[in-house]
Amino acid sequence: MNVAERTRLAFTRVGLPDRVPIHAWLGMTFIQRTVLPRPARMTDLFHQWIDDPLGTLVKWQADLGLDPMITTHSQHIGELERWPRLLCDFKEDAYAHWREEIVEIDRSESSRTLEHRIHTPAGEGAYSYRMEGYSDWPLDYLIKDEADLDLLHYRPDPDLLVVDRLKAMVEKVGDRAWWLHHAPGPWNEAAELRGVTTLSMDLYDRPEFVHKLMRLVTDRLKKLYRKLGETGIHSVSMNETWVGMGLSPHIYQEFIKPYDDECVAAIHEAGYLVSYHNCGRGTRFLEDMVATGADALETITPVENSGDFDLADVKRRVGDRICLFGGFNERLLDEAAPAKVRDEVKRCLDAAGEGGGYILRTSGAIYQADPRNIEVMCQTARDYGRYPRPAQGAGGSA
Amino acid sequence: MDDVLQAIYDSILEGRVTEVAAEVQRALAAGHPAGVILNQAMIAAMAEVGRRFETMEYFVPEMLVAARAMKEGLALLRPALVGAQIEPVGKVVLGTVSGDLHDIGKNLVGMVLEGAGFEVVDLGVNVPPEAFVAAVREHRPQVVGLSALLTTTMLAMKATIEALRAAGLRDQVVVMVGGAPVTPAFADRIGADLYAPEAASAAARARSRFADQGGAE
Ligand code: B12
């Protein structure tokens, strides 16, 4: 059974794979410090990955014992990453009514502060952020008041996205890795446009405005998801990280879920699978997230890692309706003794492995880890995660 | 509770910012002492917000609007408090530590502290130890609040405390730490003075610390 077949079975739950699939997302710091012989420039790395995914991303993960997973991603607003732009950029005419002027407004030894000034037929807008090391963070947001919503009509049209490079990369890899393309969900994109603290208060101050923003964002995202259907990716991780900051079921149901539902449906129409990404809290509206129709739910973060999910509880509540994609506490991979790592794998498999529909995956990305511990994690899962599963408790730890 | 005090209490609890302002004015006009308005209506309301947050009746947005209403009410009350010689509780320099960009929790803590009567100097995110040291020199706060959401950046809290010590400022401030991965044991280990698991208890603990000490030095 190849990697994609195995993970597809877990995602779709139409049958049992040979064993539980094992995925992880290797963070940039881990790749730079532990995987590469010496640190490399990010742009060079991205070019290598695009040209030779099998010899780089796929090989590194396979060598550690993982089922390789490729996590490309779409551009978020306010993000200056080279990776998404290298993979898919817009045709020139997509910018006809959305002209961006980038101005450096501050510079220090370690950081640069940039302002994007946007010119559209509906007027001007601006947002700024600071860049340092691998990250950039917003200082102010595009949507400062209700009138700025008009600007959004002129954002580059996803239909004009050139996806050839992503498509070529996907073809090179075939079924030797699971493709999980990351793209924002509507609440995340709304938060990026408005700032999450302000957006949270808008929920109470101007609920109509929030719905308007969510509508605009959702309509555009649906187009993006449809376009991504041309690339052959297996699945998308619909990034709703900001849902995990702690929201009431009521707010989730009224302001977020209807839009999430539409996005999930658009992805299915485009012919690929969707994993709902909430890496924080959400146990209070677990059933609602599942009811969006997503195929998988990530990252089921345990309390020890700042989430509020208990994998066994999640399996009991929704395990018959969705693939569970996560739950492993990756903090153990850094310094814990191998026996602890083994116990954690068994805990996850005992909690959620039964009957399929489970993928062992670190709940967060791996930034710092002893590679030997990753090997222990993978080996334990390969042995202990076979289907049909051994009777519970046999050979397992309490 | 008197009607108007009850109205202030309810408005804060529900985050109704314009109503709070009007009601505080009404309460002052009706002759309620500023200290009574503050303690019986406003601080009591924030305590209830904290309780509801703990029992998961309230979540982040509800806490944010309540804290903002509190802040608004307090701004109106401040002249009366000054008149009654009720001083701000103290000054807090607050920031998310070096390498960390998460600020939702930090913002919330800042707003609740302001609501509890502290003056807050917010240094933003990714604040290096030297910047905390410089801000302590400049603003002379009684409290330094450090927020971290990543296991990797929790270590920057320790570095910040050490930088304060190296600058000879450690004894002049109470260092309060928090953020989802931070535990009381970790706070102890790095030599912090106070830890709180969420914003409302952060404000309560900081306040009682000053009550114990009879205010700041
Ligand atoms: C929203 C979010 C983001 C947003 C942040 C937006 C923003 N403006 O803050 C974005 C998408 C930008 C983000 C980025 C990243 N994130 Co993030 N994020 C979260 C998430 C889902 C919620 C955090 C949050 O806002 N919670 C809500 C607030 C209200 O709660 P809080 O912060 O805990 O604050 C409360 C208390 O802790 C306390 N408190 C907080 N500060 C202080 C300070 C003091 C003095 C006191 C007394 C109390 C106190 O009071 C607050 C209010 O009650 C968490 C998961 C989680 N549940 O924590 C992951 C999480 C923190 N992120 C994580 C990661 C890995 C990242 C990234 C590295 C991801 C990436 N691949 O790039 C980047 C890091 C960027 C950086 N360098 O900082 C991991 C951390 C894992 C770890 N072990 O370290 C988490 C746990 C997710 C996960 N399960 O993997 N993230």
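With +1 on the Cβ of every Lys and Arg and -1 on the Cβ of every Asp and Glu, and nothing else charged, how large is the dipole of segment B:90-212 about its Cα centre, in debye rounded to the nearest 20? Provide the component values of the computation, followed by the final result.
Numbers: 11 positive and 13 negative charges, 45 e Å.
With Lys and Arg at +1 and Asp and Glu at -1, about 220 debye.
Checking the cross-link filter: which lysines have an alpha carbon closer than 19 Å to that of A:K59, excluding same-chain neighbours under 8 positions apart?
Those lysines meeting the cut-off are A:K172.
Starting from a Cα-only point model with no solvent, please compute log10 I(q)/I(0) by Debye for segment A:115-154 at q = 0.20, 0.23, 0.25 1/Å.
-0.61, -0.73, -0.80
About the Cα centre of segment B:38-142, what is the dipole size in debye to 20, counting +1 per Lys and Arg Cβ and -1 per Asp and Glu Cβ, all else neutral?
220
So what are the three principal axis dimensions of chain B from its Cα atoms, in whole Å, longest to shortest?
52, 36, 26
In peptide A:98-109, what is the residue-averaged number of other protein chain Cβ atoms found within 10 Å of each Cβ? If you can, show how the numbers build up before the last one.
On the way: counts 0, 0, 0, 0, 0, 0, 0, 0, 0, 0, 0, 0.
Per residue, the average neighbour count from other chains is 0.
Let me check the size of chain A from its C-alpha atoms; what are the radius of gyration and Dmax in Å?
Every Cα atom of chain A included, Rg and Dmax give 21.0, 68 Å.
Under 1.5 on a/c is rounded, so check that first for segment A:67-176, then, if it is not, pick prolate when a/b is larger than b/c and oblate when it is not; a ≥ b ≥ c are the square roots of the alpha carbon gyration tensor eigenvalues.
Details: a/c = 2.47, a/b = 1.37, b/c = 1.80.
It is oblate, given that a/c is not under 1.5 and a/b is not larger than b/c.
Provide a whole-number value for the mean count of partner chain Cβ atoms within 10 Å of the Cβ atoms in peptide B:125-131. Kindly include the intermediate steps, with their values, before the conclusion.
On the way: counts 5, 6, 0, 1, 0, 0, 0.
Other-chain Cβ atoms within 10 Å of each residue's Cβ, averaged: 2.
What percentage of all Cα-Cα pairs in segment B:3-83 are separated by more than 21 Å?
Values: 665 of 3240 pairs.
So the portion of pairs separated by more than 21 Å is 21 percent.
Taking H as built 1.01 Å from N, whose amide H comes closer than 5 Å to the amide H of A:C323, not counting residues under 5 places away?
Those lying under 5 Å, H to H, from A:C323 are A:A296, A:L297.
What shape does segment A:263-326 have by the C-alpha gyration tensor, where a ≥ b ≥ c are the square roots of the eigenvalues, rounded means a/c under 1.5, and otherwise prolate means a/b greater than b/c and oblate the rest?
Working: a/c = 2.27, a/b = 1.84, b/c = 1.24.
Note, shape of segment A:263-326 comes out prolate.
Too long at a 28 Å Cα-Cα cut-off: which of A:K167/A:K223; A:K91/A:K222; A:K315/B:K158; A:K144/A:K257? Please report the intermediate quantities before stating the final value.
Values: A:K167/A:K223 17 Å; A:K91/A:K222 19 Å; A:K315/B:K158 38 Å; A:K144/A:K257 24 Å.
In this structure, A:K315/B:K158 exceed 28 Å between Cα atoms.
Calculate the length of the line joining the C-alpha centroid of segment B:1-36 to that of segment A:89-154, in whole Å.
Segment B:1-36 and segment A:89-154 have Cα centres separated by 42 Å.
What distance in nm separates the two pseudo spin-label positions at A:D63 and A:R112, each 7 Å out from Cα along the beta-carbon direction?
Between A:D63 and A:R112, the label points sit 3.2 nm apart.
Between rounded, prolate and oblate, where does segment B:90-212 land on the alpha carbon gyration tensor, with a ≥ b ≥ c its root eigenvalues, rounded for a/c under 1.5, else prolate if a/b exceeds b/c? Can you show the working numbers first?
Details: a/c = 1.27, a/b = 1.08, b/c = 1.18.
Cα axes put segment B:90-212 in the rounded bin.
Here, each number is a calculation from the coordinates, and none is a lab measurement. In this text, all values refer to a predicted model and were calculated from it rather than measured experimentally. Using ideal geometry, Cβ is built from the backbone for each residue, glycine included, and neighbour counts are taken over all protein chains shown.
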